[in-house]
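All remarks here apply to the structure that follows.
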Amino acid sequence: MTTIYSVVEKSAERTVVQLPDYVDDDPSDADEHAIEALASTTDCLAFDLSATRAIPTSWLRMMWRVTQLAKGTDKRIFVVGVKPEVRRKADLIALEKQLHMRETLEDAK
Amino acid sequence: MTQAGLGRLIGLSQGRVSQLERGGTVPVEYATRLQDVLELRDPLPVSAAEPNAPRFMLAPADQLLPVPLTISSWSRPRLVSGDFHAVRVVGNAVLVVAGDVAGRGAQAFPGASYAQGLIQGLTSNLGVVPELQAFAESVLQSCARVSTALAAAFALFRRSGRHHVAVDVVTFGYPAPVVLHGTSGQSALPASRIELRSPVGGEGAALRFELRGGWLMLLASDGLFTRFGAGSEEDGRRELVAWQRGARRDEPLEGFLDRAAPSGDDESALLVSWRVWDDEIEASVEERAPRIEFVRRVRQRVFAVVGEERADRFANCLVDAIANACRHAHEGRRVWLRYRDAPLRFTVEIEDRGAGIGRGAEKKLAGIDYMKQSVDVDFRRAMPFGTICTLSMEKEAK
């Protein structure tokens, strides 16, 4: 199966992983490993959810795990463009404050 | 047509036909053979393929165009009795009759065949919907004229809206039906009920149901209702409602019958159901696009009625439910998604063929807390196995 996310920007300074408007299955182990690999080769990894209306809880948890891996390092992991209902979902599963949310990619610089 | 003529039609030997002509006792062979023809287990003999020959057949469900009903029957003992069912299309409605002729076993069977044939004859090429009470009374009176004491429930199903079916029921000496909502698992009470006197003696009732969304109706003899409970018809009715409210409500009816009780003569049931959906797909776990298109369509429809905030809430619950189903869909790696836009609420069902959800196991499902705080959530066992998750949201914000 093809990956549901796209890597729209990739450099040593910043890598942006973009998710589509609707996601309806869990991130696979391969997805998670690939995103961890992307995080390891960049200073700033941003999950761009600006188009995303609906996403399973499992994706938010995976973003949190990647964020946890970067703890104690200089790397920064952001989630940007989060729509209100996705933010509410993150809040209800106690992740809103754990994920570093920003309004736009520019704010994540 | 005489009993002997009917015997000849279904291919009985000349000796048996002569026996019937002499008014002899009804051979079990006759009853069994006729039942085979009635239930379409066996076609009529070629020699009987006369253009004007009566054909006693239940209409297949897929021909019931006015209302897309699913109809199944169950009886015990299965072979020979006075219980019968008839399903007929009349005008833009579907007429369903469940009846029981007085007498036991094979002795009651010719009377049941007569009643069934009579209903078939009265409704053949009937372009208009009959007045139900008058129709039921005429059937009872005609049966009485040939010494056949009939107890029956007559139900007329008419589609009255996209998700609405109006059902008129007239019963004479036969239990009133039990109506259960397919999704919410609640019993539906009749909108009206009038007590009647049977034209041939005894009591009856005229009931009207206004049904919305998915539902099922059980038309059953009192003996069968008894088999659901601990000894009385009313007890059986209560047990049925409890079964339908529970997580096992998609299991076949037979699974809830008391099989230890000795077999009686008065045990049959006709199950009429309608599971109406506005959108449904069967999708592979591996193929994401059809599922995403389904989510997109549902979100758009919900958005058009309740706006962005609640549409996104519904869609976010839906994707969590689909993700759970895909994670657990072992057998065949398929999931089934269904959507209904009813007048008061939106409903989706997400079904998988996984190991099923045990007591308390739903707490472990991803996103369950979010779902429960956002929409109404229900889990039940799918058939033959797996889980059905139902999400619903009222259109009017609480």
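Values quoted throughout were computed directly from the atomic coordinates according to the rules given, and no laboratory measurement underlies them. Every value quoted in this text rests on a predicted model; they were computed, and no experiment measured them. Positions of Cβ are generated from backbone atoms using ideal geometry, with glycine treated the same way; all protein chains shown enter the neighbour counts.
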Cα centroid separation, the range B:211-230 to the range B:278-328 (Å): 34
Per the Debye formula with a single identical scatterer at each Cα and no solvent contribution, what log10 I(q)/I(0) holds for the range A:5-57 at q = 0.21 Å⁻¹? -0.77
Translational diffusion coefficient, Stokes-Einstein: compute it for the range B:96-148 using the Kirkwood radius over C-alpha pairs as Rh, at 20 °C and 1.002 mPa s, and state it as an integer in µm² s⁻¹. 182
Give the order of B:HIS164, B:HIS181, A:HIS33 when sorted by the count of other beta carbons within 10 angstrom, beginning with the fewest. A:HIS33, B:HIS164, B:HIS181
Electrostatic dipole magnitude of chain A [Cβ: Lys, Arg +1; Asp, Glu -1; Cα centre; debye, to 20]: 360
Name the trypsin sites (Lys or Arg not before Pro) in the range B:188-251 that are in a loop by DSSP and that have at most 14 other C-beta atoms within 10 Å, would you? B:ARG248
Expressed as a percent, the portion of alpha-carbon pairs in chain A spaced more than 18 Å apart is 42
Any idea what the dipole of the range B:79-228 comes to, in debye rounded to 20, about its Cα centre with Lys/Arg Cβ at +1 and Asp/Glu Cβ at -1? 320
Using θ = phi - 60° and the Karplus relation 6.51 cos²θ - 1.76 cosθ + 1.60, list the HN-Hα couplings for the range B:118-124 in order, rounded to whole Hz, with x at every Gly or Pro. 4, 5, 4, x, 5, 9, 4
Semi-axes of the range B:135-241's equivalent ellipsoid from the Cα gyration tensor, sqrt of 5 times each eigenvalue, largest first, rounded to whole Å? 25, 19, 10
Rounded to 5, percent antiparallel among DSSP beta bridges of chain A: 25
May I ask you to give the average projected area over all directions of the convex hull of the Cα atoms of the range B:279-346, in nm² rounded to one decimal? 4.4
Rounding to the nearest 20 debye, state how big the charge dipole of the range B:270-398 is about its Cα centre with +1 on each Lys and Arg Cβ and -1 on each Asp and Glu Cβ. 260
The extension gain from B:VAL146 to B:ASP278, computed as 0.36 nm times the residue separation minus the Cα-Cα distance, is 42.7 nm
Tell me the mean residue ellipticity at 222 nm calculated for chain A from its helices only (DSSP H runs of n ≥ 4, each -39500 (n - 2.57), averaged over every residue, nearest 500). -9500 deg cm²/dmol
Can you give the Rg and Dmax of the range B:76-213 based on its C-alpha atoms, in angstrom? 15.2, 45
What ³J(HN,Hα) values, in whole Hz, does the Karplus curve 6.51 cos²θ - 1.76 cosθ + 1.60 give for the range B:155-160 when θ = phi - 60°, with x put for Gly and Pro? 10, 10, 9, 10, 6, 10
Positive-end residue, the range B:84-163 charge dipole about Cα centroid, Cβ charges, pick of B:GLN116, B:HIS163, B:ALA134: B:HIS163
Please go through the residue pairs A:LYS83/B:LYS395; A:LYS10/A:LYS89; A:LYS10/A:LYS83 and name each one whose alpha carbons sit more than 26 Å apart in this structure. A:LYS10/A:LYS89
Among A:LYS75, A:LYS89, A:LYS83, rank each residue by its count of other Cβ atoms within 10 Å, from fewest to most, as a rough exposure measure. A:LYS75, A:LYS83, A:LYS89
